[in-house]
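What follows is a short report on a single structure.
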Amino acid sequence: MEAPTRDSLRFPASQAQHIDPYIPSPSTPPPSNPISKPHVTLTFATSLDSQLSLAPGVQTALSGPESKAMTHYLRSWHDAILIGAGTAIADNPSLNCRIGGVGGYGGEGLERQPRPVIIDPKGRWNVTAESKCVQLAASGRGKGPWIVTFRGAFGREDKRRKLLESVGGAVLEITIVLATTNSPMPWSMILSVLAGNGIKSVMIEGGGTVINGLISPANIREVDSVIITIAPVWLGKGGVQVCPDEREQEGNKIPIGRLKDVKWLPLGDDVVLCGRPNGS
């Protein structure tokens, strides 16, 4: 193994031991039979008023250096990182792992580098050779991105498709008849497509539409574990809020869900909440 690069990160084992029970175990052998869905870890950083950013489309740094290193540690133990097209457009994220010792940061090949996955039903993301995740894939420091979309959103001759394929990425198409063109993509099908392409674990990072859709009453059971970084800041009204649609039973509002096996971990100025949804 090569020496870690100057921009690599380290997450101490003394802190990792508190996180490990909530993520896929590196010691667990891969399943011998095909799986119907990957292990789903939902993780994001939020303010004290449950905001992800100051406003839609505005990149807002919330995580401190310790919790940022934790995020990269989580990436190192998942097969894929998943975000929505809105986050890809607003943030131009790298979507790779910079923990020292993984592929591209001291390790060989692309060992423990996750696959970037972008949910883009309408083909909104104008991915180019300058997109950070494409540049990292081209330089051998990340895997080529996959786009999950509706059939027809990316034409066979679309230059974006060809660009992704040139760096080891792909366009994965879902065919389904929806009530309206604005209907969200069904999470059960998204996860099934990923499982069918060899993804056994996926770390879902955002943004607001993806997170709120996944923790909605219809989809919360798809989530296996939740790891949330809470930053000591209020962002104020007008931001992107984590607040899923309400749930009713016999005309009365009831909670959407509650976490079990809860653990709180201070990391620098932040606090990290780990748990599992009841019934997941």
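The values are calculated or read from the model by the stated rules, or taken from the named source; none is laboratory data. Treat the numbers as computed from the prediction; the structure is a model and nothing was measured. For neighbour counting, all protein chains shown are included, and Cβ atoms are generated from backbone atoms with ideal geometry for every residue, glycine included. The protein model used for the area step is the full one, side chains on, heavy atoms only, and it has no ligands, DNA or RNA in it. Shrake-Rupley method; radii C 1.70, N 1.55, O 1.52, S 1.80 Å.
When 7, 245 are compared by accessible area of protein heavy atoms, the largest-first order is 245, 7, using a 1.4 Å probe.
Of the trypsin sites (Lys or Arg not before Pro) found in region 183-280, the ones in coil according to DSSP and having at most 16 other Cβ atoms within 10 Å of their Cβ are 237, 258. With a Förster radius of 25 Å applied to the C-beta separation of residue 124 and residue 165, the computed FRET efficiency comes to 0.80. Amide hydrogen proximity for residue 104: with H placed 1.01 Å from N in the peptide plane, the residues at 5 or more positions away or on another chain lying under 5 Å are 109.
As a ratio to 2.2 N^0.38 Å, the alpha-carbon radius of gyration for region 204-277 is 1.22.
When the residues 189, 70 are ordered by accessible surface, computed with a 1.4 Å probe over the protein chains alone, the sequence from largest down reads 189, 70.
Checking the Cα-Cα distances for 200/260; 122/253; 122/260; 132/263; 143/237; 132/260 against a 31 Å cut-off, the pairs over it are 122/253; 122/260; 132/263; 143/237; 132/260. Shape of region 60-128 from the C-alpha gyration tensor: oblate (a/c of 1.5 or more and a/b not above b/c, with a ≥ b ≥ c the square roots of its eigenvalues).
Here the scattering of the chain is modelled by Debye summation over its C-alpha atoms, one equal scatterer each and no solvent; at q = 0.11, 0.15 Å⁻¹ the log10 of I(q)/I(0) is -0.63, -1.25.
Can you list the GluC sites (Glu not before Pro) in region 236-279 that are in a DSSP coil and have 11 or fewer other beta carbons within 10 angstrom? Write down the numbers at each step before the final one.
Working: sites: 246, 248, 250; in loops: 246, 250.
Hits after loop and neighbour filter: 246, 250.
Placing +1 on each Lys and Arg Cβ and -1 on each Asp and Glu Cβ, with no other charges, gives the chain a dipole about its Cα centre of roughly 380 debye. Per-residue ellipticity at 222 nm, computed for the chain from helices alone with -39500 (n - 2.57) per DSSP H run of at least four residues, works out to -5500 deg cm²/dmol.
Of the solvent-accessible surface of region 1-123, computed with a 1.4 Å probe over protein heavy atoms with every protein chain present, carbon and sulfur atoms account for 53 percent. Taking the 1.4 Å solvent-accessible surface of region 230-280 as the whole, the part contributed by carbon and sulfur is 48%. Dipole magnitude for region 108-167: computed about the Cα centre from +1 point charges on Lys and Arg Cβ and -1 point charges on Asp and Glu Cβ, it is near 200 debye.
Taking the centroid of alpha carbons for each part, region 185-238 and region 48-79 are 13 Å apart.
As a size descriptor, the averaged projected area of the C-alpha convex hull of region 66-217 was calculated at 9.2 nm². Of the residues 97, 136, 61, the one whose Cα sits farthest towards the positive end of the charge dipole of region 46-185 is 136 (charges of +1 on Lys and Arg Cβ, -1 on Asp and Glu Cβ, taken about the Cα centre). In the context of the full set of protein chains, residues of the chain present 50 Å² of accessible surface per residue (probe radius 1.4 Å, heavy atoms only).
The trypsin sites (Lys or Arg not before Pro) found in region 68-176 that occupy coil by DSSP, while having at most 15 further C-beta atoms within 10 Å, are 122, 124, 151, 156.
Placing pseudo-labels 7 Å out from each Cα toward the beta carbon at residue 16 and residue 248 gives an inter-label distance of 4.9 nm. Derived scalar couplings between HN and Hα for region 93-104 equal x, 7, 6, 10, 10, 10, 5, x, x, 7, x, x Hz in order, rounded to whole Hz, by the Karplus curve 6.51 cos²θ - 1.76 cosθ + 1.60 (θ = phi - 60°), x for Gly and Pro. Averaging the Cα positions of each part gives two centres, and for region 146-165 and region 94-138 these lie 17 Å apart.
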